[in-house]
Amino acid sequence: MNTKVTIAGVELKNPVMTASGTFGSGQEYGEFVDLNLLGAVVTKGVSNIPWPGNPTPRIAETYGGMINAIGLQNPGIDVFIKRDIPYLKQYDTKIIVNVCGKTAQDYVDVVQRLGDQPVDLLEINISCPNVKEGGIAFGQDPKAVEAITKEVKRHARQPVIMKLSPNVTDITATAKAAEAGGADAISLINTLTGMKIDINRRTFAVANKTGGLSGPAIKPVAVRMVYQTAQAVKLPVIGMGGIMTAEDAIEFILAGATAVSVGTANFRNPYATAEIARGIQAYMESQGVDDICQLIGAVR
Amino acid sequence: MAKEKKTVLVTKQEWLSDDICSMWLKAGSMVSQIRPGQFISVYSCDGSRLLPRPISICQTDKEKEELRIVYRLVGQGTREFSACKPGDSIEILGPLGNGFPQIPPDRTVLLMGGGIGIPPMLELAKSLGCGKTAVLGYRDKLFLNHEFEPCCRVFVATEDGSAGTKGNVLDAVRENGLQADVIMACGPAPMLRAIKLYAQENHIECYLSLEEKMACGIGACLACVCQTKEVDHHSNVHNARICKDGPVFRAEEVEL
Ligand SMILES: Cc1cc2nc3c(=O)[nH]c(=O)nc-3n(C[C@H](O)[C@H](O)[C@H](O)COP(=O)(O)OP(=O)(O)OC[C@H]3O[C@@H](n4cnc5c(N)ncnc54)[C@H](O)[C@@H]3O)c2cc1C
Ligand SMILES: Cc1cc2nc3c(=O)[nH]c(=O)nc-3n(C[C@H](O)[C@H](O)[C@H](O)COP(=O)(O)O)c2cc1C
Ligand code: FES
């Protein structure tokens, strides 16, 4: 049976990866899952200098999901290169570094620093709803998406995945813009902007007022956007948004995703990523599918 | 041994007051490695309540491999836990966090617990091999106070003055002229802030157990940070993770 998939020339042993920001750089969840079982580990967003993130409370539970406004806290690229990459290199899994910035130059700085590092793919986060500058500002306007994609591609040594925001009217417009800018792959969805009000304290549940909604509550939106994107562009698509089980992952694959990322599910079940990888295999066996590629985009 | 997530059996459940429950869980081999001040994540069986509820470990029975949590009914999650009966099962992840340090036998400790910060102080009181005094603060109704009595002197404070000192834990400390080399405390943020100041002014070594909303509970998501005085070794900014680097911190290390 073949579970291998290829994204921009990089072969993953299976289509299951982690969703940026939910899995750190793998150390913490490495106590629960054998990282060798995963197609790839996608790291927390990293910027050129350390970012302190937002005030607390940073998260709130909502029905079937959660809102987060972490604000891309990260130790900066220097510590990341010294500590996190060597940790991940111990495992037989692909390393995808998620990159964030406030200006185009910030993204370029990080991408250049990663040029000589043993990193397989770069995922450019132009869709974080929780930082004032950068982030989502780059991700909502097709012209800006194309421009930042071009700029990053000009400096990147590794293939580039552009991570798109669902907070747009037409996801195919930003997807096509990323393709036009030279992206090698597209990942989606990032979180949906949301809000929760604490009626007892009569204030916002997260200090940032708004935050990003994730978890099973957003899955139908995510599946729809993955389907539309896969129809609109020729690039491989990495699907995510509310994947809790192997069945959820297969939905995304059938909708057109070449690979999937598992995020919020880790908080509910620290073994989720490995269980989903195993579950996909079980599904293939029971359905008599001998190559996962037969499932990718099989539902049109 | 590492942390684990598992399904465990409820062996006992009882009400300690109108809105406080005590539950014993057959947690198995993880019990042997628990240190006082650590906590577990407890999961709802309703998938619409996705995130685990962090609850301190109040007591352990290493022989029976059981642990006890004492919790206040706050919302739907804790309400669901309170309906569990002996023989029911529940999912937990643990043991989490670092816990309180051990203190040499020649030193004395003041254990201060406020409200739902009292439960973790019980396991701590039972495990410390040094001179110790517990000061427990309540709004009105007392709970757990008698369970401290076999292992230490106990003073209580109530906001309404219905038992012990009228006021908070520090009022009880002052009223009874209590002194010690070390303070260890858990409770609401305003209480911890006051204790930090008190310890600073009196040059007492002080450890505080903090609280914050959590998602992963193991240090991966950066939801549960508190501000630190120095740049934190892991985050490389002035933030430490309460779930992983805490919940217990040296008072002077954190900004409250
Ligand atoms: C390290 C630590 C130890 C704790 N130990 C105890 C204990 O021993 N006994 C006890 O009664 N309570 C304890 N708490 C508080 C307990 O976690 C909350 O009361 C509980 O999560 C409420 O859940 P709920 O579904 O009933 O309430 P809801 O308000 O419906 O919960 C909604 C969401 O907010 C979170 N939440 C609500 N209140 C808190 C809070 N105070 N701290 C963190 N998250 C919160 C919940 O986990 C959930 O994700 C502790 C908290 C922390 C961080
Ligand atoms: C706590 C948290 C932190 C996140 N941090 C990042 C991040 O740093 N960079 C990024 O591109 N996406 C980040 N995301 C978005 C996820 O990678 C993912 O796109 C989204 O949560 C949807 O997937 P899920 O429903 O499986 O979690 C974060 C999500 C959560 C819940
Ligand atoms: S709850 Fe995720 S880092 Fe503490």
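The values are calculated or read from the model by the stated rules, or taken from the named source; none is laboratory data. What you are looking at is a predicted structure, and each value in this text was computed from that prediction instead of being measured. Methodologically, a virtual Cβ is constructed for each residue, glycine included, from the backbone with ideal geometry; neighbour enumeration extends over all protein chains shown.
Take the residues in region B:230-252 that are touching a Lys or Arg at 6+ places or on another chain (Cβ under 8 Å) and crowded, with 20+ Cβ neighbours inside 10 Å; name whichever of them is farthest from the other protein chains (Cβ to nearest Cβ).
Among residues in region B:230-252 that are touching a Lys or Arg at 6+ places or on another chain (Cβ under 8 Å) and crowded, with 20+ Cβ neighbours inside 10 Å, the one farthest from the other protein chains (Cβ to nearest Cβ) is B:ALA251.
Report yes if A:LEU72 is within 18 Å of the chain's Cα centre (by Cα), at negative phi and not β-branched (Val, Ile, Thr), otherwise no.
Against the criterion (within 18 Å of the chain's Cα centre (by Cα), at negative phi and not β-branched (Val, Ile, Thr)), A:LEU72 does not qualify.
Condition (residue is in contact (Cβ under 8 Å) with a residue 40 or more places away in the chain, more than 14 Å from chain B (Cβ to nearest Cβ) and either surrounded by fewer than 24 Cβ atoms within 10 Å (Cβ to Cβ) or β-branched (Val, Ile, Thr) (or both)) applied to region A:142-149: is it met by at least one residue?
Yes, region A:142-149 contains at least one residue that is in contact (Cβ under 8 Å) with a residue 40 or more places away in the chain, more than 14 Å from chain B (Cβ to nearest Cβ) and either surrounded by fewer than 24 Cβ atoms within 10 Å (Cβ to Cβ) or β-branched (Val, Ile, Thr) (or both).
One line per residue, one yes/no per condition, for (1) surrounded by fewer than 19 Cβ atoms within 10 Å (Cβ to Cβ); (2) closer than 19 Å to A:PRO57 by Cβ; (3) within 14 Å of chain A (Cβ to nearest Cβ):
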{"residue": "B:ARG174", "(1), (2), (3)": "yes, no, no"}
{"residue": "B:GLY177", "(1), (2), (3)": "yes, no, no"}
{"residue": "B:ILE183", "(1), (2), (3)": "no, no, no"}
{"residue": "B:ALA189", "(1), (2), (3)": "yes, yes, yes"}
{"residue": "B:ARG193", "(1), (2), (3)": "yes, yes, no"}
{"residue": "B:TYR198", "(1), (2), (3)": "no, no, no"}
{"residue": "B:ILE204", "(1), (2), (3)": "yes, no, no"}
{"residue": "B:SER209", "(1), (2), (3)": "no, yes, no"}
{"residue": "B:ALA215", "(1), (2), (3)": "no, yes, yes"}
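From the residues in region B:32-47 that are within 14 Å of chain A (Cβ to nearest Cβ) and more than 17 Å from A:ALA272 (Cβ to Cβ), which one is surrounded by the most Cβ atoms within 10 Å (Cβ to Cβ)?
For region B:32-47, the residue satisfying everything is B:ILE40.
Give all pairs with beta carbons closer than 6 Å in which a residue from region B:218-235 that is free of Cβ contacts under 8 Å to residues at least 24 places away in the same chain and closer than 26 Å to A:SER214 by Cα meets a residue that is of a type in the set (Asp, Glu) and more than 10 Å from ligand 3 (Cβ to nearest atom); count only pairs at least 6 apart in sequence or on separate chains.
Going by the 6 Å Cβ cut-off, there are no qualifying pairs.
Can you tell me how many residues in region A:77-120 are part of a helix (DSSP H, G or I) and among the hydroxyl-bearing types (Ser, Thr, Tyr)?
Kept after step one, since they are part of a helix (DSSP H, G or I), are these residues of region A:77-120: A:77-89, A:104-113.
Checking which are among the hydroxyl-bearing types (Ser, Thr, Tyr) leaves us with A:87, A:107.
Residues in region A:77-120 being part of a helix (DSSP H, G or I) and among the hydroxyl-bearing types (Ser, Thr, Tyr): 2 in total.
Cβ contacts < 7 Å: first residue at pLDDT 95 or above and of a type in the set (D, E, K, R), restricted to region A:251-280; second residue within 15 Å of ligand 2 (Cβ to nearest atom) and assigned to a helix (DSSP H, G or I), any location; separation 6+ or different chain. Result?
Pairs that qualify, where the first residue is at pLDDT 95 or above and of a type in the set (D, E, K, R) and the partner is within 15 Å of ligand 2 (Cβ to nearest atom) and assigned to a helix (DSSP H, G or I), are A:GLU251/A:VAL223.
Pairs, please: C-beta under 8 Å, at least 6 apart or cross-chain, first residue farther than 10 Å from A:THR93 by Cα and touching a residue at least 60 places away in the same chain (Cβ under 8 Å) and in region A:37-48, second among the aromatic types (Phe, Trp, Tyr) and not in a loop (DSSP other than H, G, I, E, B)?
Pairs found: A:VAL46/A:PHE80.
Checking the conditions here, which among B:ILE103, B:ILE92 is more than 11 Å from ligand 1 (Cβ to nearest atom), within 14 Å of chain A (Cβ to nearest Cβ) and more than 19 Å from B:LEU144 (Cα to Cα)? Quick ask: steps written out before the conclusion?
Working: B:ILE103 fails: within 14 Å of chain A (Cβ to nearest Cβ).
Exactly one residue qualifies, and that residue is B:ILE92.
For region A:75-99, give me the residue count where each residue is within 13 Å of ligand 2 (Cβ to nearest atom) and in contact with a Pro (Cβ under 7 Å, 6 or more places away or on another chain).
Total satisfying the criteria: 1.
Hey, does region B:28-48 have a residue that's more than 16 Å from ligand 2 (Cβ to nearest atom), outside any strand (DSSP E or B), free of Cβ contacts under 8 Å to residues at least 40 places away in the same chain and hydrophobic (A, V, I, L, M, F, W, C)?
Among the residues of region B:28-48, at least one is more than 16 Å from ligand 2 (Cβ to nearest atom), outside any strand (DSSP E or B), free of Cβ contacts under 8 Å to residues at least 40 places away in the same chain and hydrophobic (A, V, I, L, M, F, W, C), which makes the answer yes.
Scan region A:54-76 and tell me whether some residue there is more than 14 Å from chain B (Cβ to nearest Cβ) and either in a loop (DSSP other than H, G, I, E, B) or buried (at least 17 other Cβ atoms within 10 Å of the Cβ) (or both).
No; the residues of region A:54-76 include none that is more than 14 Å from chain B (Cβ to nearest Cβ) and either in a loop (DSSP other than H, G, I, E, B) or buried (at least 17 other Cβ atoms within 10 Å of the Cβ) (or both).
Report whether or not A:ASN36 is in a helix (DSSP H, G or I) and touching a Ser or Thr at 6+ places or on another chain (Cβ under 9 Å). Let's see the steps before the verdict.
Working: in a helix (DSSP H, G or I): yes; touching a Ser or Thr at 6+ places or on another chain (Cβ under 9 Å): yes.
Against the criterion (in a helix (DSSP H, G or I) and touching a Ser or Thr at 6+ places or on another chain (Cβ under 9 Å)), A:ASN36 qualifies.
For the subset of region A:241-257 comprising residues that are more than 18 Å from A:GLN287 (Cα to Cα) and surrounded by 24 or more Cβ atoms within 10 Å (Cβ to Cβ), which member is farthest from ligand 2 (Cβ to nearest atom)?
A:ALA257
Only residues that are outside any strand (DSSP E or B), in contact (Cβ under 8 Å) with a residue 40 or more places away in the chain and of a type outside the set (Gly, Ala, Ser): list them for region A:166-189, please.
Across region A:166-189, the qualifying residues are A:PRO166, A:ASN167, A:ILE171, A:THR172, A:LYS176, A:GLU179, A:ASP184, A:ILE189.
Only residues that are part of a strand (DSSP E or B), of a type in the set (D, E, K, R) and within 22 Å of B:SER56 (Cβ to Cβ): list them for region B:214-256, please.
Matches in region B:214-256: B:ARG241, B:ARG250.
Which of (1) away from every other protein chain (no Cβ under 11 Å); (2) surrounded by fewer than 17 Cβ atoms within 10 Å (Cβ to Cβ) does B:GLN227 not meet, given it meets every other one?
The one condition B:GLN227 does not meet is (1).
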